[in-house]
Amino acid sequence: MSKSYKTAMGKTIDMRSMSMANEKIRAVGNMNVNARGDLIDSNNNIVKTRQQQLAEQYNTQTKKQNRPGAAQKPQADQTQTEKPQAEKPQADIRVKESQPEPMVEEPVDFPEDVAQDDVEIVKEESLPVKPATGLAAAIAKTKDNKKQ
């Protein structure tokens, strides 16, 4: 079953028949292949077919897995002769999550010669808050609108 498409001008194009008719023509790009995927030279002669390329790639992949230095499952006789290594004790490190303590105003002890009315308690002033801009401001504004 071939798919046919209609162009903006109303013409019908059968993509399957078009690709079959042009499969030996050089594909656009810098890979030196034709429409089938065969490797071609500068004269459009087929150097390697797509099937040959796939078989070659498959063989190189399987050779990498079967080479002697590759990681393989240990055999039963190797595991029995090996000495177990002593495990190094690992330090148990845990990060303690600190929660902010609630601010409680504690009574202040004044010297006897100073009256409490003469003392003014000054709290640390926080830095001026920079108004939120951009995405943060937009999200905050939508949240405020939803609450109302």
Requested in this report: Note down all Cβ pairs under 6 Å where the first residue falls in the range 1-16 and is exposed (fewer than 10 other Cβ atoms within 10 Å of the Cβ), the second is outside any strand (DSSP E or B) and modelled with pLDDT under 90, and they're at least six residues apart or on different chains.
Outcome: K3/M15
Requested in this report: Scan the range 28-35 and give yes if some residue there is at pLDDT below 90 and surrounded by 11 or more Cβ atoms within 10 Å (Cβ to Cβ), otherwise no.
Outcome: yes
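The values are calculated or read from the model by the stated rules, or taken from the named source; none is laboratory data. Quick caveat, the model's predicted, so the values are computed rather than measured. All Cβ positions, glycine included, derive from the backbone under ideal geometry; neighbour counts span all protein chains shown.
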